[in-house]
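The values are calculated or read from the model by the stated rules, or taken from the named source; none is laboratory data. Being a predicted model, the structure only gives us computed values, none of them experimental. Glycine gets a Cβ as well: all are built from the backbone with ideal geometry, and neighbour counts include every protein chain shown.
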């Protein structure tokens, strides 16, 4: 065997190994793709079966809290603000009528 025959043999072996590595890589990619697709399906099933009712319950709680805060604002906070505004307006009006609004000013 001369040097050219050994070179040709090495090229043939390298080509066969490259083809083998390519085939193994393709098989691995296909296996990982099928596993990922199955995992996505399982995840969607879990989300529909277990997570969706929990999210619906959380939305209902948020809606209840929103309604409660709106009720509290309408029944307690708004009248208090109106009363405070009325008292402040009356006080300033009386101060203007009595001339007490100028007591801090020097003319």
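It is to be established whether one or more residues within the stretch 1-20 are in contact with a helix residue (DSSP H, G or I) (Cβ under 9 Å, 6 or more places away or on another chain) and surrounded by fewer than 10 Cβ atoms within 10 Å (Cβ to Cβ).
So far as the stretch 1-20 goes, yes, one or more of its residues are in contact with a helix residue (DSSP H, G or I) (Cβ under 9 Å, 6 or more places away or on another chain) and surrounded by fewer than 10 Cβ atoms within 10 Å (Cβ to Cβ).
Only residues in the stretch 93-104 that are assigned to a helix (DSSP H, G or I) count as the first member; pair them with residues that are surrounded by 11 or more Cβ atoms within 10 Å (Cβ to Cβ) and modelled with pLDDT under 80, Cβ under 7 angstrom, at least 6 apart or cross-chain, and list the lot.
Final answer for the pair search is 95/101.
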